[in-house]
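Peer 1: Before I ask anything, here is the structure I am working with.
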Amino acid sequence: MSAVRNVVAGAVPGEIPGAVPGRSVFNFAAGPAIMPREVLEQARDELLDWNGTGQSVWEMPFTGPDYRSIAEAAEADLRALLDIPSDYHVLFLQGGASAQFSLVPLNLAGPDDLVDYVETGHWAHRAIGEARRYCRVNVVASNAADGFRALPPRGSWQLSKHAAYCHITSNETANGLEFHSVPDVGEVPLVADMTSNLLSHPIDIARYGLVYAGAQKNIGPAGLTILIVRDDLIGRARPETPTVFNYQVQVESHGRVNTPLTYAIYLAGLVFRWLRECGGLSAIGAVNARKSAKLYDAIDQSAFYECLVARSDRSRMNVCFELADPDLQTDFLEQAAGQGLMNLKGHSAIGGLRASLYNAMPEAGVDALIAFMEDFERRRG
Ligand SMILES: *Cc1c(COP(=O)(O)O)cnc(C)c1O
């Protein structure tokens, strides 16, 4: 299967060693981020004429049979990839993950309800700030004081007795932290912002009440938001919740309250299909584990680079590191870009360097980055 080959090997003779065929750069951006080449090629080939219809997906009425078949296939492939139980609904919404920072409280909690949040980094902090506008927020644990370099251990969380839900950020994209197991929060529905690691490895959806993800990190175009919600959490929205963002109304109208993000859903569907052809989430998860382990090893073995994130909590998706001598950073970024290693700058709120290694980043991209880092250290160390 060509998809597997591309992820695992990626190298083609006659091009930049290790580069993705047909591409001259490796894009390590945190999001919007690298897409699988096969997906972009298929989208290009089908752009003017989808499946002999003479129409672009872009142009199709969203109520017609062609687009409906595309949306239904996307949902079926997502359900297959994640093995989503039948009492969970899948919604393809607009507004990005940030809109869900408001919409989760509006849909799941009343104004006097208590909701639990774990503050693990930049994105959890943003989610908390937004939730505070709608209900009573209990920050059950925070590692802000230590600069978000480790996850607060589950044993330290001060959970409320009757929270409407408990919210976690499964992967902190800006800080490079990731939950490697699902925290037990008892009967309280667990809500997870999985924007930057959904579909990067197998998960047990049944452990969650609701999962949401902006697509632009590991799945598809910005704006599209994937939401997976358990049936018993539907129907709790406050009356003032905007209709297009009311989960129950969306479920009942099969995601057609208004015009869905048709083209983005089509592209996400191609990514789901690609992932299935790669062997599914166990296969891609193994590749992701190997890619990140290689890079962390290279960083840890050198005194020239350092990663300050606790080893047990390091993200497989976003490797945050820095140069021991920060004055070399501008040169590092310039020279890396000169070799086609793009967008390695850390999040603006955090600084340092960051290599995002989403599903579509071939292992050869990580190898090329490590080779560049070793060479840069030899010359400048
Ligand atoms: C990028 C990101 C967001 C914000 O996503 P938008 O689609 O821009 O709103 C939220 N949470 C996490 C974990 C992210 O990585």
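The values are calculated or read from the model by the stated rules, or taken from the named source; none is laboratory data. Because the structure is a prediction, the values reported are computed rather than measured. Note that we place each Cβ from the backbone using ideal geometry, even for glycine, and neighbour counts take in every protein chain shown. For accessibility, only protein heavy atoms count, side chains too; no ligands or nucleic acids. Shrake-Rupley method; radii C 1.70, N 1.55, O 1.52, S 1.80 Å.
Peer 1: Rounded, prolate or oblate: which one fits segment 259-381, using the alpha carbon gyration tensor with axes a ≥ b ≥ c (rounded when a/c is under 1.5, else prolate when a/b beats b/c, else oblate)? Let's see the in-between values first.
Peer 2: On the way: a/c = 2.12, a/b = 1.77, b/c = 1.19.
Here segment 259-381 falls in the prolate category.
Peer 1: Let me ask something additional. Taking K and R as +1 and D and E as -1, what net charge do the other residues with C-beta under 15 Å from the C-beta of Ala293 add up to? Don't skip to the answer; put the middle values down first.
Peer 2: Values: positive: Arg290, Lys291, Lys294, Arg311, Arg314, Arg316; negative: Glu178, Asp297, Asp300, Asp313, Glu363, Asp367.
Spelling it out: positives minus negatives among the neighbours equals 0.
Peer 1: Carbon and sulfur: what percent of the chain's accessible surface (1.4 Å probe)?
Peer 2: Values: 7920 of 15770 Å².
The C+S portion of the solvent-accessible surface of the chain is 50 percent.
Peer 1: Taking +1 at the Cβ of each Lys and Arg and -1 at the Cβ of each Asp and Glu, which of Ser156, Ala213, Leu261 sits farthest along the dipole of segment 122-276 towards its positive end, judged by Cα position relative to the Cα centre?
Peer 2: Of Ser156, Ala213, Leu261, it is Leu261.
Peer 1: Next question. Starting from the Kirkwood Rh over alpha-carbon pairs, what translational D in µm² s⁻¹ does the chain have by Stokes-Einstein at 37 °C and 0.692 mPa s?
Peer 2: Answer, rounded: 152 µm²/s.
Peer 1: I've got another one for you. Which percent, to the nearest 5, of DSSP beta bridges fully inside the chain are antiparallel? It would help to have the intermediate numbers written out before the result.
Peer 2: Details: 21 of 38 bridges.
Rounded to the nearest five, the antiparallel share is 55 percent.
Peer 1: If you keep only loop residues by DSSP, which trypsin sites (Lys or Arg not before Pro) in segment 62-157 have at most 16 other Cβ atoms within 10 Å of their Cβ?
Peer 2: On the way: sites: Arg68, Arg79, Arg126, Arg132, Arg133, Arg136, Arg149, Arg154; in loops: Arg132, Arg133, Arg149.
Counting only loop positions with at most 16 other Cβ atoms within 10 Å, the trypsin sites (Lys or Arg not before Pro) in segment 62-157 are Arg132, Arg133, Arg149.
Peer 1: Please report the relative contact order for segment 232-381, taking Cα pairs under 8 Å with a sequence separation of at least 6, and give it as a percent rounded to a whole number. Display every interim value, and only then the final one.
Peer 2: Details: 119 pairs, mean separation 26.0, N = 150.
Reported as a whole number, the value is 17 percent.
Peer 1: Another one. Counting only heavy atoms of protein chains, what accessible area per residue, in Å², does the chain have with a probe of 1.4 Å? Before the final figure, lay out the partial values.
Peer 2: On the way: 15770 Å² over 381 residues.
That works out to 41 Å² for each residue.
Peer 1: Can you give the accessible area of Thr243, probe radius 1.4 Å, in Å² rounded to 10?
Peer 2: It works out to around 80 Å².
Peer 1: How big is the accessible area of Leu224 in square angstrom, nearest 10, if you roll a 1.4 angstrom probe over the protein chains?
Peer 2: Approximately 0 Å² of Leu224 is accessible to the 1.4 Å probe.
Peer 1: Oh, and also: If we count every other residue with Cβ under 11 angstrom of His347's Cβ, Lys/Arg +1 and Asp/Glu -1, where does the sum land?
Peer 2: Working: positive: Lys345, Arg354; negative: Glu172.
Spelling it out: positives minus negatives among the neighbours equals +1.
Peer 1: Quick one: net charge around Arg133, please, counting Lys, Arg +1 and Asp, Glu -1 for every other residue with C-beta under 13 Å from its C-beta.
Peer 2: In short, +2.
Peer 1: Sticking with this structure for a sec: Under 28 Å Cα to Cα from Lys217, which lysines show up? Leave out anything in the same chain fewer than 8 places away.
Peer 2: Lys291, Lys294, Lys345
Peer 1: Same structure, new question: Quick one: compute the contact order of the chain, relative version, from alpha carbon pairs under 8 angstrom and 6+ residues apart, as a percent. Intermediate results must be reported in sequence, preceding the final value.
Peer 2: Details: 720 pairs, mean separation 93.4, N = 381.
So the answer I get is 25 percent.
Peer 1: Which residues make up the longest stretch of the chain that has no GluC sites (Glu not before Pro) in a DSSP loop with at most 14 other Cβ atoms within 10 Å?
Peer 2: Here the longest segment lacking exposed loop sites spans 16-186.
Peer 1: Let me make sure I get this right: for segment 244-322, a, b and c are the square roots of the gyration tensor eigenvalues over alpha carbons, sorted descending. Under 1.5 in a/c it's rounded, otherwise prolate if a/b > b/c, else oblate. Which is it? Can you show the working numbers first?
Peer 2: Working: a/c = 3.54, a/b = 2.25, b/c = 1.57.
Prolate.
Peer 1: Taking a ≥ b ≥ c as the square roots of the eigenvalues of the Cα gyration tensor of segment 173-310, is the shape rounded (a/c under 1.5), prolate (a/b larger than b/c) or oblate? Intermediate results must be reported in sequence, preceding the final value.
Peer 2: Working: a/c = 2.24, a/b = 1.68, b/c = 1.33.
Taking the square roots of the gyration eigenvalues as a ≥ b ≥ c, segment 173-310 is prolate.
Peer 1: Using a 10 angstrom cutoff on alpha carbons, build the Gaussian network for the chain and name the most mobile of Ile284, Ile205, Ile265.
Peer 2: Ile205
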